[in-house]
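> Take this structure, written in structure tokens, and hold onto it; I'll ask about it next.
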Amino acid sequence: METVVTLTLNGEMVSARADQTLLDVIREQKIDLPTLCHMQGLSERGGCRLCVVEVQGAPRPMAACVTPVTEGMVVRTHTPELEHQRRLVVELLLAERNHVCAVCVVNGHCDLQWAAAKLGVASVRYEYLHPDLTMDASHARFVLDHNRCILCTRCVRVCDEVEGAHTWDIAGRGIKTRVITDLSRPWGDSPSCTSCGKCVQVCPTGALFEKGATVAEMTKERDFVGWIIRGRTKREWTW
Amino acid sequence: MAQTIVIDPVTRIEGHSRITIFLDEHGEVRDAQFHVTQLRGFEKMCEGRPFSEMPALMARICGICPVSHLVASAKACDALMAVQIPTAGANLRRIVNLGQLVQSHALAFFHLAAPDFLMGMDADPAQRNIVGMLAARPELARDGVRLRQFGQQIIEWIGGKRIHPPNIVPGGMSQPLTAETRDRILDELPAALTIAERTLAWFREQTARFAEEVRHFGSFPTMFLGLVGPDGEIEHYDGRLRIISSEGAVIGDQLHPRDYQDYIGEAVEPYSYLKFPYYKPLGYPVGAYRVGPLARLNLAARCGTPKADRARAIFRQKEGVLRSSFYYHEARLIEILYGLEKIQQLLEDPATSDEHVRAFAGPNSQEGVGVSEAPRGTLIHHYKIDDDGLMVWANLIIATGHNNLAMNQSVQQVAKHFVKSQALTEGMLNRVEAVIRAYDPCLSCSTHAVGQMRLAIDLRGPDGELLDSVKRE
């Protein structure tokens, strides 16, 4: 029998299964909480810090996606301090690389852009780093643009956990961190890549896109992750 | 307690330029230079980016004529993909390009140039602008706003957005024409045509008062360059280049735009960021030529639409080849007529409504040139890419650049004729501005501000000493 716990979410008493994360429960309650690295069906990373919430008794905000629910937990999701921190995270992401929405292939269909708009990020208070980053267009169908990568690792996880190819990895540390294919050889030379395109579809920004796409042309289809997981685990093939 | 709000500096003006006038020991004008003091860097910043991104990126060169850059860029990309784009795609690009021509010419004529004609060159600058025009001749100002709006609407309805429209893509267009859009434009066309004809008639009445300006506003022999169709008709989207002498003799005809480097050279002067293109066989600076509406009407055999051809015939009766840059204004109005008539013809062609508007391909060629006629003249985009389709090199020759030599010569001519003392007057300053305005230059690319450009004029003695300076901020 599943264990049920009760917690207080924004002042309301809420029941949840003990194996759920806080983010699952928050979403079940239809509370709008932005995320960038989270993707239903993939393992959690807790890297983007947009889903931070205030847990009573905890010394600092906790990422809801990697925090299991516990009995008697008191959680607040939208305090002014949390909103401030979320804006800060988005501003830092925008300042770190070269995000130019106007000429981006996913302009209007971008998770980062939506998050910025939703959080009211009208300007960036930090100096843009304008790093001189390259693109990898060696693959026949897809292109990698490091300028737009926010290191959410959705590509790494979907390739490993769903496709099973594990083409993608992370190299370097700190500001020098990059996503790489097959120990940093050009994507087009990768022997492990099956060209399935799952990484491209789950990428929240225009960092991975279909070759030849022009501005605002690339829309991403993410529901397939759920279909595949459901099919694999429950043998239910519906979409 | 009273409070003061200070806005300093006032921004959102496009284009920065400066003019230096050199005097000899007798106080007479010896020389004058037109400096463009800004650098954009698009040719460099595009390196390493995929070619498919170029139309959208290059459109950002300008907010007034983004369609021109989109079209030239998309054509360069078509060449990189080595595709023949579908007829409907090409026709839709033509229509958006002509919509752009109409709105840009309307802006240049009504908002920027017409206040000089309505109020006079020596009128109070506080009145000599579109706002003053609204008070003095509201129907004229409204015509200008309406015509510009119509051009912008065509761009929005077919291009997807008024500024930086996204539907012009490598290989054609991303959206076909809907019957609803076609009918909306056709419904509104007659009203726009009436405005264009009315304005042309009004301007022709005014021209007689500006005989001195006609004689001294960049009135000198140069060659003229522009695209023409296979039969020498006026052409703004495709076609080949023609260059004629100041007497009208065809020097080069049906020159393939791809080979532009064989006949166009680009010189650099230390006093300006704008390059100085010249006709290579004649060398620099003898090979000066002009582009834009005046050049197109001087070199094309016909327009191919009835109203514009009639207007062109009257225009060309004045002289064989019109050499004064003052005539750019009238040429602009004739081109508005042509643009509207041509849009109508294209919309009525069933081929334009075909659903097949785009060709798809990867990079098939490592080098591509796209040339089109922007409102201000011939626009050249030249790209080189690597095997993966990433840009390695770009060269752009913007329409305003072609006119650089002529603009410098015009400034000298106006200065020599109108500056007689060592003190600058408002009327003189305005005439120097007005001759530049005749070319409707895009310095950033554009120097358009309401009524006046941000412009500074320095008057220097023979030893280089600064005698006087007038600034317009």
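> Ordered by residue, what ³J(HN,Hα) values in Hz, to whole numbers, does the stretch A:112-118 give under the Karplus form 6.51 cos²θ - 1.76 cosθ + 1.60, where θ = phi - 60° and Gly and Pro are x?
5, 5, 4, 4, 4, 5, 5
> Computed FRET efficiency, Cβ-Cβ of residue B:387 and residue A:81, R0 56 Å: what is it to the nearest 0.05?
The pair residue B:387/residue A:81 has a calculated efficiency of 0.65.
> Next up: Identify the chymotrypsin sites (Phe, Trp or Tyr not before Pro) of the stretch B:308-410 meeting these criteria: DSSP loop state and at most 16 other C-beta atoms within 10 Å of the C-beta.
Those that pass, being in a loop and sparsely packed, are B:360.
> How long is the gain from residue A:43 to residue A:183 if the chain were fully straight, where each residue apart is worth 0.36 nm and the alpha carbon distance is subtracted?
Full extension from residue A:43 to residue A:183 adds 48.2 nm.
> Rg(Cα) of the stretch B:91-167 divided by 2.2 N^0.38 Å?
1.27
> Pairs A:211/B:75; B:161/B:342; A:176/B:384: which are spaced more than 23 Å apart, C-alpha to C-alpha?
A:176/B:384
> I've got another one for you. Using DSSP to define loop residues, name the GluC sites (Glu not before Pro) in the stretch A:133-233 whose beta-carbon has at most 11 other beta-carbon atoms within 10 Å.
Sites meeting the loop and neighbour criteria: A:221.
> Other chains' Cβ within 10 Å of A:212-220 residues: what's the mean?
6
> What residue among A:61, A:191, A:34 has the largest mean-square fluctuation in a Gaussian network model of chain A, using Cα springs under 10 Å?
Sorting by GNM fluctuation, first place goes to A:191.
> Tell me whether the stretch A:7-78 comes out rounded, prolate or oblate; compute the Cα gyration tensor, take square roots of the eigenvalues as a ≥ b ≥ c, and use a/c under 1.5 as the rounded threshold.
prolate
> Would you mind giving the mean number of other chain beta-carbons within 10 Å of the Cβ of each residue in B:352-363, as a whole number?
Shielding by partners across B:352-363 averages 1.
> I need the phi-derived Karplus couplings for the stretch B:344-349: 6.51 cos²θ - 1.76 cosθ + 1.60, θ = phi - 60°, integer Hz, Gly and Pro marked x.
Per-residue couplings from phi come out as 4, 4, 5, 5, 7, 6 Hz.
> Order the peptides A:98-106, B:219-227 from the highest to the lowest mean number of other Cβ atoms within 10 Å of their residues.
Sorting A:98-106, B:219-227 by mean packing, highest first, produces B:219-227, A:98-106.
> Go through chain A and flag any cysteine with no other cysteine's C-beta closer than 4.7 Å, please.
A:51, A:65, A:101, A:104, A:110, A:149, A:159, A:193, A:196, A:203
> Find, among the trypsin sites (Lys or Arg not before Pro) in the stretch B:72-179, those assigned to loop by DSSP (not H, G, I, E, B) with at most 16 other beta-carbon atoms within 10 angstrom.
B:161
> Could you state, as a whole-number percent, how many of the C-alpha pairs of the stretch A:10-155 are farther apart than 18 Å?
The calculated P(r) of the stretch A:10-155 puts 61 percent of pairs beyond 18 Å.
> Apply 1/(1 + (r/R0)^6) to the Cβ-Cβ distance of residue B:124 and residue B:197, taking R0 = 30 Å, and write down the FRET efficiency to the nearest 0.05.
Once rounded, the FRET efficiency stands at 0.45.
> A follow-up question, please. In chain B, how does Rg compare with the Kirkwood Rh, expressed as the Rg/Rh ratio over alpha carbon atoms?
Reported Rg/Rh (Cα atoms, Kirkwood Rh): 0.96.
> Let a ≥ b ≥ c be the square roots of the eigenvalues of the Cα gyration tensor of the protein assembly as shown; is it rounded (a/c under 1.5), or, if not, prolate (a/b larger than b/c) or oblate?
In terms of gyration-tensor shape, prolate.
No lab work stands behind these numbers, since they all come straight from the coordinates. Since this is a predicted model, take the numbers as computed values, not measurements. Note: ideal-geometry Cβ built from the backbone for every residue, glycine included; neighbour counts use all protein chains shown.
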